[in-house]
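The values are calculated or read from the model by the stated rules, or taken from the named source; none is laboratory data. It should be emphasised that the depicted structure is a prediction, and the values quoted were computed from it without experimental measurement. Counting neighbours? That spans all protein chains shown, and the Cβs are built from the backbone with ideal geometry, glycine included. With ligands, DNA and RNA removed, areas are computed over all heavy atoms of the protein, side chains included. Shrake-Rupley method; radii C 1.70, N 1.55, O 1.52, S 1.80 Å.
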Amino acid sequence: MDRLRIIGGRRLEGSVRIAGAKNAALPVLAACLLSPEPVTLTNIPRVSDVETMLGVLRTYGVRIERPRPDMLVINAADLAALDTPWDVVRKMRATVLVLGPLLARFGKARVSLPGGCAIGARPVDLHLKALSALGASIRVEGGTIIADAPEGLRGGRIVFGSPSVGATETALMAATLAHGETEIINPAREPEIIDLVECLQAMGADIEGAGTHRLVVRGPTRFRAASHEVLPDRIEAGTYAIAAAITGGFLELTGARLEHIASVAEALERAGARVWPGDRGLIVQGDGRAKAVDITTEPYPGFPTDLQAQFMALMAVADGASVLRETVFENRFMHVPELVRLGADVRLQGTTAFVRGVPALKGAQVMATDLRASVSLVLAGLVAEGETIVNRVYHLDRGYEEIDVKLRRCGADIERIAG
Ligand code: UD1
């Protein structure tokens with residue numbers, strides 16, 4: 001298992017190319033299962049979650065070409081096995097996204113209940129509810145979801161009490177092959193949803209309302225060959241923006257879009273950093289010690305839960321006390337004990353973290369526990385005195401393309417130790 005060794009105290013300066021969004025690439029890859037025509041995808045991030053999804057697609061006989069590292073041509077014309085066993089889904093929760101497309105196209109699907117980041121219960125009931133609303137019969141037996149719609153899916157009305165990114169994606173994909181009109185009320189409005197809708201539209205789907213509180217899909221779609229460029233990763237962009245702020249640095253985040261991280265930029269500005277759009281993306285300038293700022297995570301366009309851990313690292317060394325409330329997942333503070341090992345002063349009460357900024361953190365051995373938790377330890381290591389070793393770097397590799405290389409190019413003292 002690889003480790004990262006970081007010597008803190010270097011100010012970051014330079015340019016970081018923001019990769020395509022992992023959380024957009026995964027649903028778009030699942031959507032390729034809907035169509036017998038080839039789909040060409042560009043700006044695909046080179047992260048291990050994408051490899052996991054490609055591994056799942058290969059088990060069905062999907063043909064995958066990679067003319068360039070960031071480009072994939074997916075051809076799901078002749079599919080064979082349709083079972084999705086535990087050993088391919090256990091690594092990543094987002095593998096459940098294959099359920100909707102397989103069911104919609106073939107009238108049946110068997111998918112093991114997914115594994116993935118251990119952040120809270122993370123059930124899949126909303127995915128299943130959406131498919132039931134389109135006429136599927138669903139049962140869970142021995143850890144496997146068994147979904148059937150022998151006559152095909154039919155359009156229906158799907159009402160989400162609280163928005164779910166993944167369940168909205170399942171509903172959208174399945175509805176493209178359902179007969180008639182599907183209405184999705186209170187869908188997620190994340191940029192990755194809009195990206196999926198744009199990809200499905202390029203493939204031939206008739207969808208209205210992306211980014212609003214009501215989506216309408218008219219099916220069934222006659223799919224055609226299509227190309228789609230995945231949008232830039234707003235979570236990677238936000239992470240590097242926080243890296244600039246925490247080191248008092250100056251970073252250009254090429255490809256990043258301010259409108260995708262407006263809530264984060266606003267929090268960073270309140271903390272004393274400056275964020276503004278540049279010619280090629282975003283510019284972020286840190287300015288001395290950050291000021292304490294309270295945040296509450298919320299669905300888009302609120303402050304993203306996927307940046308809460310990173311923002312906590314910044315608040316750990318800020319001037320003053322801050323309150324970080326997590327409203328999206330009930331157990332997303334696994335980075336707290338590890339930040340405390342580095343000298344952070346954090347007290348947890350349910351889904352709220354009370355952080356009292358300390359003048360300096362001290363390097364230590366820490367353990368990565370999930371994707372975003374682990375990157376918060378890297379950020380803390382960038383400013384901790386002395387050496388920080390982050391163990392279990394495979395969590396980071398799930399969603400960050402070459403994080404050690406990108407940080408080193410901007411002046412960080414960081415190296416990967418193979419192990
Ligand atoms: C996606 C992102 C993840 C991000 C999250 C919230 C991907 C691959 N992952 O995850 O990085 O942190 O959105 O922005 O895009 N829920 C249920 N039942 C369900 C589904 C979800 O109760 O069937 C709950 C979850 O436990 C959670 C909330 O709904 O409390 C939001 O989860 P959801 O938006 O579905 O997150 P994911 O799609 O899993």
### Message
With the requirement that a residue be surrounded by fewer than 24 Cβ atoms within 10 Å (Cβ to Cβ) and over 14 Å from TYR300 (Cβ atoms), what does region 178-196 give you?
### Response
HIS179, GLY180, GLU181, GLU183, ILE185
### Message
So if I check each of VAL140, VAL111, which one is assigned to a strand (DSSP E or B) and either surrounded by 24 or more Cβ atoms within 10 Å (Cβ to Cβ) or of a type outside the set (A, V, I, L, M) (or both)?
### Response
VAL111
### Query
Within region 349-419, which helices (runs of 4 or more DSSP H) (wholly inside it) include 3 or more residues that are surrounded by fewer than 24 Cβ atoms within 10 Å (Cβ to Cβ)?
394-397, 403-409
### Query
Limited to region 263-284, what total is found for residues that are surrounded by fewer than 18 Cβ atoms within 10 Å (Cβ to Cβ) and part of a strand (DSSP E or B)?
3
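For the condition open to solvent by less than 40 Å² (accessible area, probe 1.4 Å), modelled with pLDDT of 95 or more, more than 30 Å from VAL405 (Cα to Cα) and touching a strand residue (DSSP E or B) at 6+ places or on another chain (Cβ under 6 Å), what is the one hit in VAL39, VAL73?
Residue meeting the stated conditions: VAL39.
Could you pull out the residue among GLY180, GLY152 that is part of a strand (DSSP E or B) and closer than 14 Å to ALA104 by Cα?
Being part of a strand (DSSP E or B) and closer than 14 Å to ALA104 by Cα holds for just one of GLY180, GLY152, which is GLY180.
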### Task
Go through region 183-210 and count every residue that is within 16 Å of the ligand (Cβ to nearest atom) and part of a loop (DSSP other than H, G, I, E, B).
6
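Can you go through ASP294, ASP319, ASP345, ASP287 and tell me which one is touching a Ser or Thr at 6+ places or on another chain (Cβ under 6 Å), free of Cβ contacts under 8 Å to residues at least 40 places away in the same chain and away from the ligand (no atom under 16 Å from the Cβ)? Spell out the reasoning first.
Details: ASP319 fails: touching a Ser or Thr at 6+ places or on another chain (Cβ under 6 Å); ASP345 fails: touching a Ser or Thr at 6+ places or on another chain (Cβ under 6 Å); ASP287 fails: touching a Ser or Thr at 6+ places or on another chain (Cβ under 6 Å).
Matching residue, one of ASP294, ASP319, ASP345, ASP287: ASP294.
Residues to consider are LEU113, LEU54, LEU103; find the one that is within 17 Å of the chain's Cα centre (by Cα), hydrophobic (A, V, I, L, M, F, W, C) and within 16 Å of the ligand (Cβ to nearest atom).
On the way: LEU113 fails: within 17 Å of the chain's Cα centre (by Cα); LEU103 fails: within 17 Å of the chain's Cα centre (by Cα).
Criteria check complete, one pass: LEU54.
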## Note on the structure
Only one of ALA130, ALA167, ALA149 is away from the ligand (no atom under 11 Å from the Cβ), within 23 Å of VAL89 (Cβ to Cβ), touching a residue at least 12 places away in the same chain (Cβ under 8 Å) and buried (at least 18 other Cβ atoms within 10 Å of the Cβ), namely ALA149
